[in-house]
Amino acid sequence: MRRGQGVGGEGWLAPRVAVIQYGVGNIYSIVSGLRRAGAEPTVMDCLRDPGDWDGVVLPGVGAYAAASMRLHRCAWEIREALKMGAQLLGVCLGLQLLFTDSREAGEHSYGLSLLPGTVEKLTAAKLPHIGWSRVYRVPGRDCRLLEGIEDGSHFYYVHSYAYTRVWEPWVCAVSRYGETVYAAVVEQPPVYATQFHPERSSRLGQRVLRNWVALLRR
């Protein structure tokens, strides 16, 4: 029986979501957003009891290298949770850490390698990119996190790096800043991620979180 399913299949309990604290900021706004979306979030330094969770969230704003070092201490537990049926949501830096590596600050730091690829620096006159940008679906690809959201809607960003191989099949929505078109939403179930901050993107961002929490109940 799924953790979120009520006894006998009647009704639902709030899905249990582990929010991993790996040295980044902005934890409690994502926790608040998840609660409003109907989840039961718990903040922890490393995932415990991988089979107990419906979802795992990698949040935050921070430095890739330092976050990667801390996150690798519980990489095995995250992978085990996904094997046991949990869904993962990466946000901003959390999206970038899903990939193989990053070139942030001239360093070569390694991510979780749940998806292949390298995170690159944005090409723009001013960095970081802080503010609202439009998000567009990639034609012909499902984008479950954006269900019910008008194409070209604005979401809030804080970043200087992004995943730019937007032709890869796991990229379902894109955005642009300066000269760079980059992945705004990545979906390769059970892995989902946004480069923007849904918890800081008002009503539409809350819809993104509700869409993800709804996946935990399926």
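Annotations
- Packing order of peptides 138-144, 109-115, 92-98, 210-216, highest average first: 92-98, 210-216, 109-115, 138-144 (average count of other Cβ atoms within 10 Å over each peptide's residues).
- Region 63-75 - phi-based ³J(HN,Hα) in whole Hz, Karplus 6.51/-1.76/1.60, Gly and Pro as x: 8, 4, 4, 5, 5, 4, 4, 6, 5, 5, 5, 10, 5
- Counted charge near GLU168, where neighbours are those whose Cβ lies closer than 13 Å (Asp, Glu -1; Lys, Arg +1): +1
- Distance from the alpha carbon centroid of region 162-181 to that of region 68-140 works out to 13 angstrom.
- The accessible area of LYS121, taken with all protein chains in place and a 1.4 Å probe, comes to roughly 120 Å².
- Surrounding net charge for GLY117, when Lys and Arg each add one and Asp and Glu each subtract one, Cβ distance under 11 Å: -2
- Additional length obtainable on full extension of the chain from MET84 to ARG35, 0.36 nm per residue less Cα span: 15.3 nm
- Net +/- balance of residues flanking ALA214 in space, Cβ distance below 11 Å, scoring K and R +1, D and E -1: +4
- Amide H contacts of SER160: HIS129, each under 5 Å away and 5 or more positions distant or on a separate chain (H built 1.01 Å from N in the peptide plane; Pro and chain starts excluded).
- Length added when fully stretched, ALA65-ARG48, from 0.36 nm per residue minus Cα-Cα: 3.8 nm
- Three-way shape call for region 163-216 based on the alpha-carbon gyration tensor, with the a/c threshold at 1.5: oblate
- Shape call, region 26-93: gyration tensor on alpha carbons, a/c limit 1.5: oblate
- Loop trypsin sites (Lys or Arg not before Pro), region 15-92 (other Cβ atoms within 10 Å of the site Cβ: 14 or fewer; DSSP): ARG48
- Protein accessible area in the chain, 1.4 Å probe - carbon and sulfur %: 49
- In this calculation the C-beta distance from ALA125 to HIS154 is compared with R0 = 22 Å, giving a FRET efficiency of 0.60.
- Sorted largest first by accessible area at a 1.4 angstrom probe radius, with every protein chain in place, the residues ARG103, ARG217 fall in the order ARG103, ARG217.
- Exposed loop sites here mean GluC sites (Glu not before Pro) with a DSSP loop assignment and at most 10 other beta-carbon atoms within 10 Å; the chain contains its longest site-free run at 11-149.
- Which of MET44, MET84 is most accessible, then next, and so on - probe 1.4 Å: MET84, MET44
- Options [x] 21.9, 68; [y] 16.2, 58; [z] 16.0, 48 - which one matches Rg and Dmax of the Cα atoms in Å as calculated here: [y]
- Across the chain, the mean sequence separation of Cα contacts (distance under 8 Å, 6 or more residues apart), normalised by length, yields a relative contact order of 20 percent.
- What you get for the chain, charging only the Cβ of Lys and Arg (+1) and of Asp and Glu (-1), is a dipole of about 360 debye around the Cα centre.
The values are calculated or read from the model by the stated rules, or taken from the named source; none is laboratory data. Every value quoted in this text rests on a predicted model; they were computed, and no experiment measured them. Cβ coordinates were reconstructed from backbone atoms using ideal geometry, including for glycine residues, and neighbour counts include every protein chain displayed. These area figures cover heavy atoms from the full protein model, side chains too; ligands, DNA and RNA do not enter into them. Shrake-Rupley method; radii C 1.70, N 1.55, O 1.52, S 1.80 Å.
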